[in-house]
1. Which FRET efficiency, nearest 0.05, do I18 and M38 yield, Cβ-Cβ r, R0 35 Å?
2. What is the gain in length, in nm to one decimal, between S48 and L6 on full extension, counting 0.36 nm per residue of separation less the C-alpha to C-alpha distance?
3. DSSP loop (so not H, G, I, E, B), at most 12 other Cβ within 10 Å: list which chymotrypsin sites (Phe, Trp or Tyr not before Pro) in region 13-47 pass both filters.
Amino acid sequence: MVKKRLYTFLNTYSGWFIIIGLTAFPVLRLLSIQMNAMSSFTTYTVFSILGRALGLAGVTLFSLNFLLSIRHRVLEKFFYGLNKVYAAHH
């Protein structure tokens with residue numbers, strides 16, 4: 001019973017997980033590179049890295065918005081219908 005619920009949950013929200021993953025991967029990659037290169041923890045460097053990470057997340061979500069707006073049939077499979085693709089698009 002639990003496996004069936006988990007399977008249904010993952011199938012229902014698989015598109016959202018893909019969007020979150022595609023957004024989080026470049027941001028986490030940038031943060032790992034920047035944190036390794038950072039020599040001191042000052043307010044300027046922390047906010048600079050945070051600004052870059054949030055900017056990258058914004059650009060990534062903006063790019064995904066274009067991909068969702070093409071309304072391709074493959075996207076319907078991940079979001080279970082075109083109306084849910086529209087909801088993810090907006």
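Any read-out appearing in this document is the output of simple, stated calculations on the displayed coordinates, not a laboratory observation. Keep in mind the model is a prediction, meaning the values are calculated, not measured. Ideal geometry is used to build each Cβ from the backbone, glycine not excepted, and the neighbour counts take in all protein chains shown.
1. Working: r = 31 Å, r/R0 = 0.87.
For I18 and M38, the calculated efficiency is 0.70.
2. Numbers: separation 42, 0.36 × 42 = 15.12 nm, distance 3.93 nm.
Contour length minus Cα-Cα distance gives 11.2 nm.
3. Values: sites: Y13, W16, F17, F41, Y44, F47; in loops: Y13, F41.
In loop regions of region 13-47 (DSSP not H, G, I, E or B), the sparsely surrounded chymotrypsin sites (Phe, Trp or Tyr not before Pro) are F41.
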